[in-house]
Amino acid sequence: MRFRGNEYRVDGGHVLFVSLIAAAIIWYLFDARGVSTSINNLLLIQPVAIFALAMVVLIIPQLFVRADKVVEEKEEEYDPLAPKLPTDRVQVIKMLTLGAALGVFVFALNVIGFDIAIFLFAAATMLVCGERRPLHIIAFSAAVAVVAIYGFRALMPYPMFTAIL
Amino acid sequence: MKQFTRREALKLTAAGGLVAGGSLAMPGIVRAASYPTRPINVIVPFATGGYNDRLSRAFAPYLEKELGQPLVIINKPGAGTQLGHTYALQQPNDGYTILCTSASPYIPLTVLLQQAPYKNEDFWMINLPSRDYTLAATSSDSSIKDFKQVIDMLKKDPSSLSIGVQPASADYANMVLTMQAVGIDPTKLRVVTYDGGGPARNATAGAQVDVGFVGGEGFIPLKTKIKPLAIYAAETVSWFPEAPLISASGIKTDMVEGSQRGWAVSAKLKAEAPDVYKTIENAVSKASQDPKAVEALKLQDLATTWYGPEASNKAFLDNAAKMARYVDLLKS
Amino acid sequence: MIDFPAFYDALGIMATSAGSWGWIVPGLIVGLVFSAVPGVSITMAMAIVLPMSLYMDFFSAIVFLTSVYTGAGFGGSVPAILMNIPGSPSSYATTFDGYAMSKKGQHNEALGYALFASTICGILGYVLLLFVVEPLAGIVLKIGPVEMFAVAIWGMLLLGSLGSKYVTRGLLAAAFGVLLGTVGMNTAGFIRGTMGLPVLLDGISPIPAMIGLLAAGQLLTLAGKDYILDAEEARSVSVKKILAGCWGTMKYPGVLIRGSIIGIIIGAVPGVGSSVGNLIAYAETKRTSKDSASFGKGNPKGVIAAESAVASAEGGSMATMLALGIPGGGATAILLAAFMMHNIVPGPSFIETQKPMVYAIILNNIVQAIVLLVVGIGFIYVASNVVKVRTRYILPAILVIATLGTYAVDGSPSGPITLFIFSLIGFALVRYEYPVAAVVVGILLGRMLETEFLRSYQLSAGNPLYILQRPGAMAIVGIMLLSLAMTAWGKRKQAKQEAEEEAAMQALHREELATAGKH
């Protein structure tokens, strides 16, 4: 796409993200309006939702990035308010795998039991982090599972579904 | 492993005592005799520290003595008790789950307003010793003298006083019923909504609102900071005798009871394992009338009065029916 | 003011019940350990030990529970500083500079700063409480929705100082966060955005959501690293450095006092708690600082400001509980229950008839804060060792603990699932350069904003001039505006000064070049 003599391209992921946020806000606004249009219901959320949608409109131009923009690879000082994701391919894959493992883990807790789920998740995390010695993985994951289960049993009043422990 | 035949099993159990042997002939009675064999869970659908939590913990030692097994208090707060009540009903009906809850108004409220996945009849009340009533009150340094004055002012101008109340509560229903009885349009009132009794009481005591309609019992620690105007009870309330009854103000209005709190189980338990149920009922009955329990709970302003299942269920269902009748008032 | 005969009686109670002093150290340790587990809040820690305290005599039970409270007030800052996971919402602002200091290898000092700020302001809060316990209670009840709304707005002002590359993205993130914070049943009884899920009726659980949002940008990226800290020489644990941090706290009395005042007042207001106090204290300190640009990059003042507000809020919250019988937050609600379980009902009559006991409780809390100093250094020393462990061991353990911590919030899988969903959102936010902090602050304050705004509207019947009847609200708004104006003025002066310095530097540089050219 050309505009004022510069080549632009669309950042597809960003478009998707902004669309999802906008969709969520619109859905929330309509859901709330569906409950009641009374001021007691909409006083804050309607103006905030409209404000948010206005921001989405203002962000639209930012979805186009200069195709010839050089990605600056500068080692910046760490700023916790603007964390950076790793750009190195291997690191990105590691992070995404870990995220996926976390997703499987939280949904597996009540299906295969907390103990087994913790063991498998801990083992998977160790693998992702670069541990390759099977004995270490098994021993440490088992230890994490045992300590976590017994520790949290003592800590909280709620029951946990477990297969073995 | 060796397989036991039925005959051998019978012999074995006969030797070991009547307990399991009888189970072939009369399952109910024997299960009751062997119940309970492990700790019993008490589900409290509120966070730690509330009335029901304190009641369950204070009463537990006496109930434990009668049942012969320890009680484990499990707090399951959330969604206006819906999460805790749903959780309790999901447990097996084996007598190892007891509820200590504010049956009224929360069970009918969650049913009527939140489409909770249960009915009032799914619960069976063992005993509801604690009753709380809506109290109309004002700050102690307020110029308002009595309830009649409130009504007169509101009749002249419905927005002259601000009213603090929890929406979708028995207090709200009582407030609206009163206004309707005296011919004030409730939609014209200056109503300030609070998402709990505590904040509504603080607002009343601090004169944030002119008049608060909220459960009276919670006001006890703040007694000196408020002036009671009218309590929605049929007769003088033992823990707040100085609060004038609503009838004393000359207003004839229907009313719903604020809270009915105490002990319950799932109705299925009573139907499916009547003897296990009977054991629990007897234990609650005995513990409630244990002089030591009565004394200990009285010191903490907790109720132990034994009304029994019939009276408790009747009170609960009557009040629930009344709330269903006024469901439109509950929806703000 | 202090009632001296009662004060001497209180000293008598302290002396005669020396046996109960033994509960201080165990209480502190329980509080520290529980609250250092991400997801386990102060409230939960106290709820867990409450049944235990039933078997003690009254004073021992109160000493034990308040010790847990004191310990838990500091414990949350340990994971916040070392791993950027706030143990609870009240230590969120601690992560800003605390974790940044860790990244620079100054985790020892950061923890020292946090600990000392926490203890000094804890003591300060209680000493003040000794004097004003009664009048404060009267003021607290007068704080109404308009004042609270002003406080919530003040908390939101933090966003202005977070500074984002794209203003529009920051504002969208904040608005999105506020909307997320309003999901569920509002104060007027309307149910929105729950998708029919009962767990959402009370809103999105803030602790799992917060941990999820922050985990994506921080925890999961650790997978590609061998240790939490990159630099090998930074991975040290040193008592000397911890003590240096402790000592360094004394250099900022202004920050400590401002943080304490904000903390006490906000802690005393029922239902607000320290989760707003630390945000306001941080934002105010940053805004009024000369070196505000270095905040968020490891400025110790950021850590001190946040921690001072958290620790002093404890005293404020206790004042409300003792004097009115009203819990300021979840933790004091449990303390209140403990009082009642020992047949004592706090409130106006309690404070009149049992003044020596009230003083004894306050004095004991001051003692606890001093003991925390010692216990805390030991705890920091042990906890800091996580920086020495390889991520392949520490990461699975932390992720499992954090996930179970969110399960412990209400014992249902909704906690871990919230954690996961918000880690996805957090991932996208970081990827497309939206400030995660804005979403977190929105979630933490959204509900309070709506509730108080709505009540203000209802009270005033929509008339904005109502604020003229509320001197308190006007004062809060006034201080807020004054602070903003002074900041703007200070910024201008600073910019001018910087420009001058820059010019001078350039002149110097030119001179140097000129002299170099001659040779």
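The values are calculated or read from the model by the stated rules, or taken from the named source; none is laboratory data. Here the structure is a predicted model, which means the values were calculated and not measured. Glycine also receives a Cβ, built like all others from the backbone with ideal geometry; neighbour counts cover every protein chain displayed. Keep in mind that these areas ignore ligands, DNA and RNA; they rest on the heavy atoms of the full protein, side chains included. Shrake-Rupley method; radii C 1.70, N 1.55, O 1.52, S 1.80 Å.
Residues of segment A:89-118 that are closer than 19 Å to C:Ala397 by Cβ, within 8 Å of another protein chain (Cβ to nearest Cβ) and among the aliphatic types (A, V, I, L, M): A:Met95, A:Leu98, A:Leu102, A:Val106, A:Leu109, A:Ile118.
Do we find a residue being under 30 Å from C:Leu214 (Cβ atoms), open to solvent by 10 Å² or more (accessible area, probe 1.4 Å) and either at the interface with chain A (Cβ under 10 Å from one of its Cβ atoms) or of a type in the set (Phe, Trp, Tyr) (or both) anywhere in segment C:453-464?
Within segment C:453-464 (the criterion being under 30 Å from C:Leu214 (Cβ atoms), open to solvent by 10 Å² or more (accessible area, probe 1.4 Å) and either at the interface with chain A (Cβ under 10 Å from one of its Cβ atoms) or of a type in the set (Phe, Trp, Tyr) (or both)), the answer is yes, since at least one residue qualifies.
Of all residues in segment C:405-435, those satisfying the criterion of being more than 21 Å from B:Gly84 (Cβ to Cβ) and either at the interface with another protein chain (Cβ under 7 Å from one of its Cβ atoms) or outside any helix (DSSP H, G or I) (or both) are C:Leu419, C:Phe420, C:Ser423, C:Phe427, C:Ala428, C:Val430, C:Arg431, C:Tyr432, C:Glu433, C:Tyr434, C:Pro435. At least 1 residues being over 21 Å from C:Gly105 (Cα atoms) and aliphatic (A, V, I, L, M) is the threshold, and among the helices (runs of 4 or more DSSP H) wholly inside segment C:186-279 those reaching it are C:206-217, C:253-268. The helices (runs of 4 or more DSSP H) found entirely in segment C:6-103 that carry 1 or more residues being more than 14 Å from chain B (Cβ to nearest Cβ) are C:24-36, C:58-75, C:77-83, C:92-103. Taking interchain pairs and intrachain pairs at least six residues apart, which have beta carbon atoms under 7 angstrom, with the first residue in segment C:328-357 and facing another protein chain (nearest Cβ under 8 Å) and more than 23 Å from C:Pro89 (Cα to Cα) and the second assigned to a helix (DSSP H, G or I) and among the hydroxyl-bearing types (Ser, Thr, Tyr)? Once the first residue is facing another protein chain (nearest Cβ under 8 Å) and more than 23 Å from C:Pro89 (Cα to Cα) and sits in segment C:328-357, its partners that are assigned to a helix (DSSP H, G or I) and among the hydroxyl-bearing types (Ser, Thr, Tyr) give C:Pro348/B:Thr224; C:Ser349/B:Thr224.
For segment C:432-462, the tally of residues that are modelled with pLDDT of 85 or more and more than 25 Å from the chain's Cα centre (by Cα) stands at 10.
A single member of C:Leu159, C:Leu179 is surrounded by 21 or more Cβ atoms within 10 Å (Cβ to Cβ) and more than 27 Å from A:Ser38 (Cβ to Cβ), and it is C:Leu159. Residues that are assigned to a loop (DSSP other than H, G, I, E, B) and among the charged types (D, E, K, R): does segment A:48-68 have at least one? Yes - at least one qualifying residue is present in segment A:48-68.
Report, by residue number, each residue of segment B:239-285 that is in a strand (DSSP E or B) and open to solvent by less than 10 Å² (accessible area, probe 1.4 Å). B:Gln260, B:Gly262, B:Trp263, B:Ala264, B:Val265, listed by residue number. Within segment B:121-133, not a single residue is assigned to a helix (DSSP H, G or I), within 30 Å of B:Leu189 (Cβ to Cβ), touching a residue at least 24 places away in the same chain (Cβ under 8 Å) and open to solvent by less than 50 Å² (accessible area, probe 1.4 Å). Among residues of segment B:302-317 that are assigned to a loop (DSSP other than H, G, I, E, B), those with a beta-carbon under 9 Å from a residue that is polar (S, T, N, Q) and open to solvent by 20 Å² or more (accessible area, probe 1.4 Å) at least six positions away or on a different chain give the pairs B:Thr304/B:Gln289; B:Trp306/B:Ser285; B:Trp306/B:Gln289. Suppose the filter is within 13 Å of chain C (Cβ to nearest Cβ) and either open to solvent by less than 10 Å² (accessible area, probe 1.4 Å) or not small (Gly, Ala, Ser) (or both); does B:Ile107 pass it? It is false that B:Ile107 is within 13 Å of chain C (Cβ to nearest Cβ) and either open to solvent by less than 10 Å² (accessible area, probe 1.4 Å) or not small (Gly, Ala, Ser) (or both).
Selection over segment C:475-494 of residues that are open to solvent by 80 Å² or more (accessible area, probe 1.4 Å) and either modelled with pLDDT of 85 or more or closer than 20 Å to C:Ile280 by Cβ (or both) gives a count of 5.
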